[in-house]
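Trainee: Right, I'll just put the structure down here and ask away after.
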Amino acid sequence: MKSLVLVHGAASGPCVFDGWSGAFPGVTLEAVDLHAGLNVAEAGMANYEACTVRAAEGLQRPLALLGWSMGGLVAMLAARRIGPEVLVLLEPSAPAGIPAATFEGAEPHPGLYDGEEAYGPFPPGVRPRPESALARAERRRGLPVTELPASTLVVYGDSLPQERGRALAHRYGAAELHLPGADHWALVREPTARLAIAAALERVAAARSQCRGSTA
């Protein structure tokens, strides 16, 4: 990979990827700020998708797109426009059609919500930001994602292993990486987790290159 675009989760920011450059030597890392330039109270998932697409413009190929939590679903939506060589999903918010996931029929509306009230305390060093209630309602209603790139890797720990892990990978025929003992935050915060993700990404990218070479 020449470039890696990183997409943060709800109520957090690009700081969750601090320290990731050490796991990807020689790779240009672009951590998206999904809130930049937006009225967050009126931002929907399409706005976050557009931010991610813009962040990928002009970056060298081959390019990997990685999203964590809400950012995973943003990455799934943006992948159809970016066309990444590899898509990596770290316990992403589930799209519509995942049997293990629960969706609600609440009507989306503008507003903000407190991430720690919704999800519990954030770890030290991660300052929560007010997040879009509109985007959250859209996720909870279920957003359709018809297909994903052939080279997709789903990474999950022990917090959400089914709806954001195995069931998601099965739905799209994606490769899987289970990190035993890792909670949701550890997937982006723990150095051992990011090293394992980097190694798995390289394996998926190599398999893609071999497949393309055999069909050339």
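Rule-based calculations on the coordinates, nothing more; no lab input. Just so we're clear, the structure is a prediction, and the values are computed from it rather than from any experiment. We place every Cβ from the backbone using ideal geometry, glycine too, and count neighbours over all the protein chains shown.
Trainee: Using the crude model of +1 on Lys and Arg Cβ and -1 on Asp and Glu Cβ, and no other charge, please compute the dipole size for segment 3-215 relative to its Cα centre, in debye to 20.
Mentor: 600 debye
Trainee: What residue among F122, V40, A186 has its Cα farthest toward the positive end of the dipole of segment 3-215, where the charges are +1 on Lys, Arg and -1 on Asp, Glu, each on the Cβ?
Mentor: Going by the Cα projections, it comes out as A186.
Trainee: Extending each Cα 7 Å along its Cβ direction at A150 and L195, get the distance between those two points in nm, one decimal.
Mentor: For A150 paired with L195, the spin-label model returns 3.3 nm.
Trainee: Could you derive backbone 3J(HN,Hα) for segment 73-84 from the dihedral phi with the Karplus parameters 6.51, -1.76 and 1.60 (θ = phi - 60°), listing whole Hz in sequence and x where the residue is Gly or Pro?
Mentor: 5, 4, 5, 4, 5, 6, 4, 5, 9, 7, x, x
Trainee: Taking H as built 1.01 Å from N, whose amide H comes closer than 5 Å to the amide H of V145, not counting residues under 5 places away?
Mentor: The list, which skips near neighbours in sequence, is A96.
Trainee: Return the long-range amide H neighbours of E30 (sequence gap of 5 or more, or a different chain), with a cut-off of under 5 Å between placed amide H atoms.
Mentor: For E30, whose amide H was placed from the backbone, the distant partners under 5 Å are L4, V5, L6.
Trainee: What's the angle, to the nearest 10 degrees (0 to 90), between helix 191-215's Cα axis and the longest principal axis of the chain?
Mentor: Roughly 50 degrees between the two axes.
Trainee: Can you find, among G105, L143, I197, the residue sitting farthest towards the positive end of the charge dipole of segment 3-215, where Lys and Arg contribute +1 and Asp and Glu -1 at Cβ?
Mentor: The residue sitting farthest along the positive end of the dipole is I197.
Trainee: Can I ask one more? Spelling out what I want: for every residue of segment 145-152, take phi, set θ = phi - 60°, compute 6.51 cos²θ - 1.76 cosθ + 1.60 (Karplus), and round to whole Hz; glycine and proline get x.
Mentor: For segment 145-152, the Karplus-derived couplings read 10, 5, 8, 10, x, 4, 9, 10 Hz, x marking Gly and Pro.
Trainee: Non-local amide H neighbours of T152 (under 5 Å, H modeled in plane, Pro and chain starts lacking H): which ones?
Mentor: Here L87, A175 satisfy the definition.
Trainee: Quick one: E85, E42, E147, fewest Cβ neighbours within 10 Å first, how do they rank? Let's see the in-between values first.
Mentor: Numbers: E85 21, E42 15, E147 11.
Final ranking by Cβ density, sparse to dense: E147, E42, E85.
Trainee: Suppose we look only past 15 Å in the calculated P(r) of segment 141-200. What percent of the Cα-Cα pairs does that tail hold?
Mentor: Distances greater than 15 Å cover 50 percent of the Cα pairs.
Trainee: Counting only C-alpha contacts under 8 Å and six or more residues apart, can you give the relative contact order of the chain as a whole percent? Please list the in-between numbers first.
Mentor: Working: 424 pairs, mean separation 46.5, N = 216.
Rounded, it is 22 percent for the chain.
Trainee: Based on alpha-carbon atoms only, what is the radius of gyration of the chain relative to the globular estimate 2.2 N^0.38 Å?
Mentor: 0.95
Trainee: Multiply the residue gap between D18 and A206 by 0.36 nm, knock off their C-alpha separation, and tell me the result in nm, one decimal place.
Mentor: Extra length available between D18 and A206 comes to 65.1 nm.
Trainee: Which whole-Hz couplings ³J(HN,Hα) result when phi for each residue of segment 102-111 is put into the Karplus expression 6.51 cos²θ - 1.76 cosθ + 1.60, θ = phi - 60°, listed in order with x for Gly and Pro?
Mentor: For segment 102-111, the Karplus-derived couplings read 10, 10, 10, x, 4, 6, x, 8, x, x Hz, x marking Gly and Pro.
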